[in-house]
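Trainee: What follows is a structure written as structure tokens; I'll ask about it next.
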Amino acid sequence: MSTLNIFVSGTIDDQRAERSTVGAAVESLRLDATRAETEYSSERSSREECLRMAREGDVYLGVYTQTRYGWSIPADGISVTEMEFNEAQRLKKPTLIFVQKLPTDWAPKDADEKQQREKQKAFLNRVLDFDGGKFRAAEYETLAQLENQVAGSLMQLLVERFKMTVTRPPFLAPRNLDVFVGRVAQIETLSRVLTPSTALRMGETALIHGFYGVGGLGKTALALHLAYALRGQFDGGVLWADLPTVRPDQT
């Protein structure tokens, strides 16, 4: 088996950033990540589609908050997330769980949030002790922690359960920006000229591009955005150097 399919489960509405981070971690290992929001154009996949994705995944990866239980299926009386977890356990899928640490100052804003918290707490109590195995999940506070935990846990799982060894190319760029807008033309041009296939067609062994302009123009933000957008194009990884703070022989 040359690659594995990792099914990513968890609430979508409040965990889009987390699910994207998990997808990036999975793909950095040259594995395939299946997420409902990337498979279908509709916001909510059908019950049958969710079950199919859970069945076809080689590994079930749950990324959960401690406060939101999610949308419940009337016919089942449980959330989609719990249904997917149940199906993965029924089929004895290898399972990895990651839970967002509950902020110390969290408090429900209304009765609905309180109910969601209670339902999710009951679900997590079962998940983290399924089959009486005293299973413990990795807790994360930041997206960077989540990405590293997912990649590390998957590498260990591949060795133990699938007898596979994978390497993770280095990715040294700082944390990505929460919001990036504009620069559409520049991004399109730079994405085209920076891809390895373009460099090979041009017969170059290396391409060096630089941004120049007054301070505060957004040069670093653009470079950072490109680093994340194009990371999948570079098998050897992405390095990042803060040039004013390093010597030439360190770059």
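The values are calculated or read from the model by the stated rules, or taken from the named source; none is laboratory data. The structure displayed is predicted, hence computed values, not measured ones. Note that each Cβ is placed from the backbone with ideal geometry, even for glycine, and that neighbours are counted across all protein chains shown. Just so you know, the surface numbers come from the protein's heavy atoms only, side chains and all, with ligands and any DNA or RNA stripped out. Shrake-Rupley method; radii C 1.70, N 1.55, O 1.52, S 1.80 Å.
Trainee: In square angstrom, rounded to the nearest 10, how much accessible surface does Leu128 have for a 1.4 Å probe?
Mentor: Here the residue's solvent-accessible area equals roughly 30 Å².
Trainee: On a full-extension model of 0.36 nm per residue, what is the gain between Asn125 and Leu51, subtracting their alpha-carbon distance, rounded to one decimal in nm? Intermediate results must be reported in sequence, preceding the final value.
Mentor: Details: separation 74, 0.36 × 74 = 26.64 nm, distance 2.24 nm.
The span from Asn125 to Leu51 would gain 24.4 nm if fully extended.
Trainee: Report, please, the projected area of the range 1-99 averaged over directions, based on the convex hull of its C-alpha atoms, in nm².
Mentor: Details: hull surface 25.1 nm².
Across all orientations, the range 1-99 yields a mean hull projection of 6.3 nm².
Trainee: If amide hydrogens are placed 1.01 Å from N in the peptide plane, which non-local residues have theirs closer than 5 Å to the one on Gly62?
Mentor: Ser9, Leu96, Ile97, Phe98
Trainee: Below 23 Å, Cα to Cα, which lysines can Lys101 reach? Residues fewer than 8 away in the same chain don't count.
Mentor: Lys109, Lys114, Lys119, Lys121, Lys134
Trainee: Just to verify a number: what accessible area does Asp13 come out at with the full protein assembly present, 1.4 Å probe, Å² rounded to tens?
Mentor: Counting only protein heavy atoms, Asp13 exposes about 100 Å² to solvent.
Trainee: Rank Arg175, Arg35, Arg183 by accessible area, highest first, at a 1.4 Å probe radius? If you can, show how the numbers build up before the last one.
Mentor: On the way: Arg175 135, Arg35 35, Arg183 85 Å².
Ranked from most to least accessible, the order is Arg175, Arg183, Arg35.
Trainee: Ok, one more. Given R₀ = 35 Å, FRET efficiency for Ala229-Met164 by Cβ-Cβ distance, to 0.05? Before the final figure, lay out the partial values.
Mentor: Values: r = 28 Å, r/R0 = 0.80.
After rounding, the FRET efficiency stands at 0.80.
Trainee: For the pair Asp105 and Thr142, how long in nm is the line joining their label points, each one 7 Å along Cα→Cβ?
Mentor: A separation of 1.9 nm, rounded to one decimal place.
Trainee: Quick one: Karplus J couplings for the range 183-190, per residue in order, coefficients 6.51, -1.76, 1.60, θ = phi - 60°, nearest Hz, x for Gly and Pro?
Mentor: 6, 4, 5, 5, 5, 4, 5, 5
Trainee: Something else: Which shape class, rounded, prolate or oblate, goes with the range 81-159 when its Cα gyration tensor gives a ≥ b ≥ c as root eigenvalues, a/c under 1.5 marks rounded, and past that a/b bigger than b/c marks prolate?
Mentor: Values: a/c = 2.45, a/b = 1.32, b/c = 1.86.
Taking the square roots of the gyration eigenvalues as a ≥ b ≥ c, the range 81-159 is oblate.
Trainee: Between Val214 and Ala17, what's the calculated FRET efficiency when r is the beta-carbon distance and R0 is 25 Å? Round to 0.05.
Mentor: Values: r = 31 Å, r/R0 = 1.25.
For R0 = 25 Å, the calculated efficiency reads 0.20.
Trainee: Checking the cross-link filter: which aspartates and glutamates have an alpha carbon closer than 20 Å to that of Lys92, excluding same-chain neighbours under 8 positions apart?
Mentor: Partners found: Asp32, Glu48, Glu49, Glu56, Asp58, Glu82, Glu84, Asp129, Asp131, Glu160.
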